[in-house]
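Everything on this sheet refers to the single structure shown next.
Every number here is computed from the coordinates shown, using simple stated rules; none is lab data. Keep in mind it's a predicted model, so treat the numbers as computed, not measured. Here Cβ is always computed from backbone atoms with ideal geometry, including for glycine, and neighbour counts include all displayed protein chains.
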Amino acid sequence: MEYLLPIYSSWMLCIPVREKYILMTNILHCQSPEKHPAAENSTDTKTTTVAQGSFVIRESLLSGEKALHASMAFQEGEVLSEIGFRSLVIAPNYLSVQFGEAEHGMLFPAHLEYINHSCSPNVFFDVDARHLRALRTIAPGEELCFFYPSTEWSMNQSFQCNCRADNCLGFIEGAAHLEESVLESYELSNHIKAMKQRNRAA
């Protein structure tokens, strides 16, 4: 077997044992597809089909970096993928997703790590329900993007957003650094809501 049996805790963690699933700290989008577990069997360095053809990894037209794109249409509210965490990390990193107030994990399936940020997202990482959900209709070939502060309280690598959306927020650091009036227009994870509420009461 390639994986240990899932740990049936409240977070349903699935912990891998093969060497290729060690904690990655390099910048994902600068790696070739062959170096990433989501694309390990690919012979095409430009396009990689994953999840039985539901998605494709290829260059983003906006950033030129590797990004996950839909291979089929998805309707608003439709679940695109179940999500889990193949390992925990002590502190947030470039690839981790926050799924609790002090809990961060490496995504499973691994190809979901190719979903980039946008200030006008089309998907939401519902870390409480453990699935990836469409926020609106998604057309075949469309890049999948989520709003990083919807799960991330304070990111260890802030960046200048280049999503080119009309509502682009510019510098992205995490929900802790955004006004509540801004966050109100986004769907947020429960831990982000709780942390904002606690900050408001302090």
List the residues, sorted by chain then number, that are 5 or more residues from His104 or on another chain and whose placed amide H is less than 5 Å from its amide H.
Val89, Phe99
Taking amide H positions as placed 1.01 Å from N in the peptide plane, with prolines and chain starts having none, which residues 5 or more places from Leu80, or on another chain, fall under 5 Å of its amide H?
Leu132, Arg133, Ala134
Could you tell me the center-to-center distance, by alpha carbons, between region 67-90 and region 131-202 in angstrom?
16 Å
Just the ratio, please: alpha-carbon radius of gyration of region 70-200 over 2.2 N^0.38 Å, N its number of residues.
1.00
The long-range amide H neighbours of Lys66, using H built 1.01 Å from N in the peptide plane and a cut-off of under 5 Å, are Ser60
Within region 59-202: Cβ-based charge dipole about Cα centre, in debye rounded to nearest 20 (Lys, Arg +1; Asp, Glu -1)
220 debye
Simple spin-label estimate for Gln197/Ser154, 7 Å along Cα→Cβ, in nm, reads 2.1 nm
When a footprinting reagent is the concern and you count Cβ atoms within 10 Å, what order do Asp166, Asp128 take, fewest first?
Asp166, Asp128
